[in-house]
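Presented below is the structure to which this report refers.
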Amino acid sequence: MCVMNLKSTHVILSQFVENSTTAYHNVCNMIQIYSPCVEIILPKTLMDSGLALMIKQQYPHVQLSFIPRKLFNEVKGQLMIKQLSIPVASGTTSTTTLTDDTGATRSGAGASSGSTSASSSSSMIDSFELMRKYLCVSATAALIDYVEYVQHLTFASMSMKFSYKPLSGHLFIDSSSIINLELVMNLKTGHTKVSSSSSTQNHRTSASNSTTLYSVMNHTKTPMGARLLRSSLLQPLTDLATIQMRLDCVDELLERETDFFNLSTALTGFLDLDHLLYQFCQVPKRATPKSGQTVIMNVLCMKKVLEQVLEVEAVVREYDNALLLAVASNLQHEDILTISDAIDRMIDPNVTLCMLCVCACISLVVSFKCGACV
């Protein structure tokens, strides 16, 4: 299986054997985890299979598309991954993460007796993995081709992150338990968020009818944090060392109250970095005035993000926890300064990002420095 979120540059690959005798438990679980899943792509050879029938019956809201089997090409998938993969930057520190991308999600399933799904600890794809995981690599070729055709774009070279996720390392929660425990969706209303109301009494009633574990715990400051929390609830870690490291991190955050509130302030208003990076990895089929405006707006957004990154790094580097120090080390990477300097050479430092329509147009017009060659 290959999963791509249309608001992120992260592509997730996974592979395992499953068939109708297992009732496609893992497939159902992955559809829940990557909800809202807007489209699932299968080869035409699986059009009348039990997998396709199960998806149609249990997930009628998901668009099911069938494409020619020849598009699931292992060799082409390997070439795509090598061409599009972001090079591993020197000087960065690896941290244990759990990744889940909500939003508009498309997934391509490889052709065999039901091989689909994606989860668990991430690891960058290498040549050895490519040779062994040929089914999900084939699904990658089909999915990228399909997305480029439907979205009328081309992905830029070295712009995407590919990771393989096996099923080990996380607690498996079946789709029925996810629904019955109301982890992310309320059974009464089908809502995933607590709705607001002008009346206090109505607000309490609405909150009680829409409450989920996710809505109660979601006090995150960034869209990326909200996605990570959702993923952690649906795929709890089982690695004791990682769990202990995160608990130690929480302890230090709570012990240093002043730094905690400084960090909270620095994270407030942080833009969706995953979505922004995805905008940069797209190359339109043809240049238009609108695409030019989008590029300039994205550069202004990146300028704001880099300013916020410096604020976060200044707070995080004061901690002693290994995980937080690893985050601070990554935020000090030289590539961040290189990108910031490149933007400063072209963009007027007095121009600030404004999302209001009129002000945004003015920002686009006066953003470039006088004499800058675009």
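What follows is calculated from the coordinates using simple rules that are stated; it is not laboratory data. All values reported here derive from a predicted model rather than from experimental measurement. We place every Cβ from the backbone using ideal geometry, glycine too, and count neighbours over all the protein chains shown.
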- Item | Cut-off under 5 Å, modelled amide H: who pairs with T154 long-range | V283, K285
- Taking a 18 Å limit on the Cα-Cα distance, which of the listed pairs K56/K76; K56/K188; K82/K161; K44/K70; K7/K161 fall beyond it? K56/K76; K56/K188
- Message: Neighbour counts of other C-beta atoms within 10 Å: give me V137, V250 arranged from fewest to most.
- Response: V250, V137
- Where does each of F162, F260, F270 land when they are ranked from fewest to most other beta-carbon atoms within 10 angstrom? F260, F270, F162
